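Worksheet: one structure, shown below.
Derivation of every value follows stated rules applied to the coordinates shown; laboratory data play no part. It should be emphasised that the depicted structure is a prediction, and the values quoted were computed from it without experimental measurement. Ideal geometry is used to build each Cβ from the backbone, glycine not excepted, and the neighbour counts take in all protein chains shown.
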Amino acid sequence: MKKMITDAFGDKSIKVPFIIPEITKNDKHVVASALNSSLLTDGPKLRKFEAIFAKFTGVKFAVGVSNGTAALHLSLKALGIGKGDEVIIPDLTFVATASSVLLTGATPVLADIDDDLNISIQSIKESITSRTKAIIPVHFAGKSCKIKEVSSIARKNNVSIIEDCAHAIGARINKKHVGTFGQLGCFSFYPTKNFTTIEGGMVITNSKKIADFVRAARNHGISKTLASRFSKGKPWDYDIHDPGYNYRLDEIRAALGINQMKRIGKMNHLRKKAANYYTKKLENVEGIIVPNESNSAEHVHHLYVIRITRKYGITRDVLFQKLLHNGIRTSVHYKPLHKFTAMKKMAKKFNSLSSSKSVYSQILSLPIYPSIS
């Protein structure tokens with residue numbers, strides 16, 4: 001691995017940061033060029049970015065939004081989910097998966113995980129009630145969950161699926177991109193993700209009705225784009241059928257997204273190369289469990305999560321400190337949702353979450369990004 005000297009938090013003792021966003025000189029150039037336009041939001045670069053993303057994922061519609069949380073929130077709203085409804089989510093995920101449900105007035109129901117850290121099919125079955133309106137499976141760390149099994153459960157119970165693909169841009173199952181198995185797929189372009197627009201997100205769907213709703217709702221519910229309002233008629237003459245939000249994705253970030261999409265294949269390849277290096281070095285170390293991969297599911301390695309078991313001889317937390325002392329940043333993804341004070345009050349669970357509780361003390365995310373290899 002290359003020796004890294006740029007730490008995001010200014011710690012000069014860090015040799016290997018946890019993440020270095022892949023921002024090139026050309027990325028900086030296209031961002032600067034976008035700033036020369038007099039239309040800095042809701043413009044042609046956003047439309048182009050959406051079209052590129054739709055083609056890449058193989059859907060009819062892609063709608064850019066301000067972040068991944070906004071994508072989840074608008075997807076839930078598009079399905080009419082609200083107060084009194086329940087939405088099943090994995091216990092091991094970033095809090096945004098839960099908070100987006102809470103923002104609608106619905107209740108998140110925490111499901112357990114399998115050995116691959118993705119949502120447990122058995123736990124989903126145990127969590128279904130008459131109030132269940134949707135399942136949000138997360139493709140954790142860049143490895144697709146058992147989405148076909150999730151889809152089967154959803155069909156049998158007349159439940160919708162919103163795929164949380166925040167970790168999984170480029171991940172496919174038998175050449176079918178994640179996010180296309182349910183009604184909607186949601187992506188995040190946060191700086192740690194496999195490609196970034198700094199902040200940003202995307203909703204994908206094959207439903208025109210859903211796409212139209214999300215497109216309006218991201219802009220306060222306004223029925224017309226800026227271009228259509230100012231190109232003909234009176235620009236103030238628009239309607240609002242459903243009040244929306246300020247979840248727009250601006251032209252600067254859209255320009256960056258267009259440029260980053262040109263390199264997503266290369267960046268994912270470099271992540272896989274780094275992951276293979278880790279696996280080769282660690283797979284035979286007693287007490288360390290490395291990520292497993294499936295032949296039918298492409299792993300894009302947003303995270304490289306190992307498990308530290310008792311046989312290793314020291315705990316996860318001790319290893320974390322030792323690596324930090326040697327200038328290597330690591331982290332944990334994530335603190336399970338059931339441990340947060342807010343979720344103890346606001347979420348439900350219908351099982352013990354035994355796997356989630358067990359792995360939390362073991363998991364450790366090693367630094368992984370294109371320039372590390």
Q.
Charges on Cβ only, +1 for Lys and Arg, -1 for Asp and Glu, centred on the Cα centroid of the chain; of Pro235, Thr107, Ile19, which one is farthest towards the dipole's positive end?
A. Ile19
Q: Work out which trypsin sites (Lys or Arg not before Pro) in the chain are exposed loop sites (DSSP not H, G, I, E or B, at most 10 other Cβ within 10 Å) and give the longest gap free of them.
A: 233-373
Q. Which residue, Asp237, Asp112, Asp27, has the most motion in a Gaussian network model of the chain that connects Cα atoms within less than 10 Å?
A. Asp237
**Q.** Proximal aspartates and glutamates to Lys262, defined as alpha-carbon separation beneath 12 angstrom and excluding residues fewer than eight positions away on the same chain
**A.** Asp27
Q: Quick one: which residues, 5 or more positions from Thr132 or on another chain, have an amide H under 5 Å from its amide H? H modelled 1.01 Å from N in the peptide plane, none for Pro or chain starts.
A: Glu86
Q: Once you have a ≥ b ≥ c as the square roots of the Cα gyration tensor eigenvalues for the range 4-124, tell me rounded if a/c is under 1.5, and otherwise prolate or oblate according to whether a/b is larger than b/c.
A: oblate
Q | Relative contact order computed over the chain (Cα-Cα under 8 Å; 6+ residues apart), in percent | A | 24
Q) If each Cα of the range 229-312 is one equal point scatterer, what is log10 of I(q)/I(0) from the Debye formula at q = 0.15 Å⁻¹? A) -0.78
(Q) Where in the chain is the longest stretch that carries no chymotrypsin sites (Phe, Trp or Tyr not before Pro) classed as loop by DSSP and with at most 13 other Cβ atoms within 10 Å? (A) 10-235
(Q) In whole Hz and in residue order, list the ³J(HN,Hα) couplings for the range 109-126 that follow from phi through the Karplus curve 6.51 cos²θ - 1.76 cosθ + 1.60, θ = phi - 60°; x for Gly and Pro. (A) 10, 7, 9, 6, 10, 9, 4, 7, 6, 8, 4, 7, 5, 4, 5, 4, 4, 6
Q) Taking R0 as 45 Å, what's the FRET efficiency between Ala8 and Asn246 from their Cβ-Cβ distance, rounded to 0.05? A) 0.95
Q. Straight-line reach from Lys311: which aspartates and glutamates have Cα under 20 Å away, leaving out those fewer than 8 places along the same chain?
A. Asp115, Asp116, Glu283, Glu286
Q) Across the range 183-188, in residue order, what do the Karplus-derived ³J(HN,Hα) couplings come to in whole Hz, using 6.51 cos²θ - 1.76 cosθ + 1.60 with θ = phi - 60° and x for Gly and Pro? A) 6, 9, x, 10, 10, 10
Q) If you put +1 on each Lys and Arg Cβ and -1 on each Asp and Glu Cβ, how big is the dipole of the chain around its Cα centre, in Debye rounded to 20? A) 540
**Q.** FRET efficiency, Phe340 to Lys176 (Cβ-Cβ, R0 51 Å, nearest 0.05)
**A.** 0.90
Q) How far is it, in nm, from the label point at Thr309 to the one at Ser231 when both lie 7 Å from their Cα along the line to the Cβ? A) 6.1
Q.
Please list 3J(HN,Hα) in residue order for the range 329-340, calculated via the Karplus relation 6.51 cos²θ - 1.76 cosθ + 1.60 where θ = phi - 60°; whole Hz, with x for glycine and proline.
A. 7, 10, 7, 10, 10, 9, 5, x, 4, 5, 8, 7
**Q.** Descending semi-axes in whole angstrom, ellipsoid equivalent of the range 152-222, from the Cα gyration tensor
**A.** 21, 20, 9
(Q) If you average the C-alpha positions of the range 211-274 and of the range 317-336 separately, how far apart do those two centres end up, in angstrom? (A) 37
Q. Taking Lys12 as the anchor, which lysines have their alpha carbon closer than 29 Å to its alpha carbon, excluding any fewer than eight residues away along the same chain?
A. Lys2, Lys3, Lys25, Lys28, Lys193, Lys272, Lys273, Lys281, Lys322, Lys335
**Q.** Shape of the chain, Cα gyration tensor, a/c cut at 1.5
**A.** oblate
